[in-house]
Amino acid sequence: MNILIVGGGGREHAIAAALKKSPKVEKLYCAPGNGGISKLAECFPVKATDIDGMVELAEKLKPDYVFVAPDDPLVLGMVDRLNAAGFKTFGPRANAAILEGSKAFSKALMKKYGIPTAEYETFTDEEKAVEYIKQKNSFPAVIKADGLALGKGVIIAQNFEEAKAAIHSMLVDGKFGKSGSEIVIEEFMEGAEVTVLAFTDGKTVKPMISSMDHKRAYDNDEGLNTGGMGTIAPNPLYTPSIAAQCMERIFKPTIAAMNAEGRPFKGCLYFGLMLTPQGAKVVEYNCRFGDPETQVVLPLLETDFTEIIEAIWEERLDALEIKWSESSCACVVIASGGYPEKYETGKVISGLDENGNAAGVQVYHAGTKLENGEFLTAGGRVLGVTATGESLRAALDKAYAATEKITFEKAHYRRDIGKRALS
């Protein structure tokens, strides 16, 4: 089996590594890929959002499946185009990817079908939005750009002035471009966050192992929101009874709601959950594998990944038993200094072997390139140092021991990944 992976980050590297384990996989391709992925797959310089270019590449390579991993091409309709050209795919069509593509759509869907989420209103007018905030007078308040914003389109305003500034920056200054031309203002939910990725063929939903992301740039959850500075799995706060509750109140109703709307969802559906005193509620949906959650979930998958992909395409997921390891997994993200704001690239990375790995761990490359045999930094989040262990403590110790030996100029990482889960 030959598979083409669309994307070039840490998530795609984790997907490539999981697929490479399958005896069914003969050849992996990736576009655009990165330095680390190039050691597992043949990479092509086609942008993940270049739909015409990707269809053209698929026609040249003739893969058995195309795995569309990032949000942008899914929301833009890459799967629809590939299907029309006769290719089997992994990932939802555009009319289902809207679950992530528009927060206004997903909130309205939850309201209509009684899926638990935070109270909210949507706005395109600054004056009305500010009036609503004034009227509610409840802080912190959550202000979100409606569309895709690289995981950074959410501002938690601590007071009226911060809320007003956030509204102005999105609706008037165009901080997030078209993505922020409509905003969602919602109540701040108290509780622990949990991510649950789930496989679905549009009929059956099979949750994966839960995980805990760490979004803030610095220790103790300080600094700006990022795409994710590290993860652990499983999340100890996500108990079997909470999982059963989520299945009945959130997971199954979401799949049923999408079907009722004529938008069947096939692929990986990401549930961002908040465990509130009133029970689990949806913070957000994503239409694909999370990044960096994938880096800790897929290493624990024991079932052949290609079998799951085939079962989803053929809509027979109900007949497949998916097995998971009992181990724990931890991922520490090493980022460029200054990320998520201004940062430099092109720094030489030391401490990696010729395959871009390190002893005793799996290093997933997020923002790297390979030049003259050297790995160089090429993004904000550079590497995800991932380790498995019999316990979370053991996995974290291994991941951090390896992280300390990998260096580049102005490298930065959090030193408290998983701390909340251990206390």
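The values are calculated or read from the model by the stated rules, or taken from the named source; none is laboratory data. Note that this is a predicted model, so its numbers are computed, not measured. We place every Cβ from the backbone using ideal geometry, glycine too, and count neighbours over all the protein chains shown. Ligands, DNA and RNA are stripped out before the accessible areas are found, and what is left, the full protein with its side chains, is counted by its heavy atoms. Shrake-Rupley method; radii C 1.70, N 1.55, O 1.52, S 1.80 Å.
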The chain accessible area per residue, 1.4 Å probe, protein heavy atoms, integer Å², reads 41 Å²
Across Lys62/Lys152; Lys206/Lys347; Lys134/Lys175, pairs whose alpha-carbon gap is larger than 31 Å:
Lys62/Lys152; Lys206/Lys347
May I ask you to derive the relative contact order of the range 1-143, considering only C-alpha pairs under 8 Å and at least 6 residues apart, and to give it as an integer percent?
17 percent
Could you tell me which of rounded, prolate or oblate describes the range 175-245, using a ≥ b ≥ c as the square roots of the eigenvalues of the alpha-carbon gyration tensor, with rounded for a/c under 1.5 and, failing that, prolate when a/b is larger than b/c and oblate otherwise?
oblate
When the helices in the chain are scored as -39500 (n - 2.57) per DSSP H run of 4 or longer and the sum is shared across all residues, what 222 nm value do you end up with, to the nearest 500 deg cm²/dmol?
-8000 deg cm²/dmol
Entries of Lys342/Lys369; Lys21/Lys252; Lys60/Lys88; Lys24/Lys323; Lys107/Lys178 with Cα pairs more than 23 Å apart
Lys21/Lys252
Cα gyration tensor category, rounded, prolate or oblate, for the range 223-286 with a/c compared to 1.5:
oblate
Which of Lys24, Lys112, Lys152 fluctuates most in a GNM of the chain (C-alpha springs under 10 Å)? That residue is Lys112
Could you work out the pair-distance distribution P(r) of the range 135-287 from its alpha-carbon pairs, with 5 angstrom bin width and percents rounded to whole numbers?
2, 8, 15, 19, 19, 18, 11, 6, 1, 0
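Quick one: Cα convex hull volume of the range 11-159, Å³ per residue? Before the final figure, lay out the partial values.
Working: hull volume 24.3 nm³, N = 149.
Expressed per residue, the convex hull around the Cα atoms of the range 11-159 is 163 Å³.
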Could you tell me the distance between the Cα centroids of the range 376-392 and the range 177-214, to the nearest Å?
22 Å
Order by protection proxy (mean Cβ within 10 Å, highest first), peptides 57-65, 325-333, 85-93, 5-13:
5-13, 325-333, 85-93, 57-65
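Given a 1.4 Å probe and every protein chain left where it sits, what share in percent of the accessible area of the range 57-182 is carbon and sulfur?
Working: 2850 of 5830 Å².
Here carbon and sulfur together make up 49 percent of the probe-accessible area.
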Gaussian network model of the chain, springs between alpha carbon atoms under 10 Å - residue of Glu42, Glu314, Glu284 with greatest fluctuation
Glu314
Rounded to the nearest whole number, the per residue volume of the convex hull around the C-alpha atoms of the range 355-408 in Å³ is 76 Å³
Tell me, what is the percent relative contact order of the range 172-244, built from C-alpha pairs under 8 Å that lie six or more residues apart?
21 percent
Relative contact order of the range 250-301, defined on C-alpha pairs under 8 angstrom at six or more residues apart (%)
27 percent
Given a 1.4 angstrom probe, I'd like the percentage of the accessible area of the range 194-303 that is carbon and sulfur, rounded to a whole number.
53 percent
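What is the ratio of the Cα radius of gyration of the chain to 2.2 N^0.38 Å, with N the residue count, to two decimals?
Numbers: Rg = 20.6 Å, N = 423, 2.2 N^0.38 = 21.9 Å.
Compactness ratio reported: 0.94.
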Accessible-area order for Leu269, Leu148, Leu76, largest to smallest, probe 1.4 angstrom, reads Leu76, Leu148, Leu269
With every protein chain left in place, what is the accessible area of Glu121 in Å² (1.4 Å probe, nearest 10)?
80 Å²
Which of rounded, prolate or oblate describes the range 6-68 when judged by the alpha-carbon gyration tensor and an a/c cut-off of 1.5?
oblate
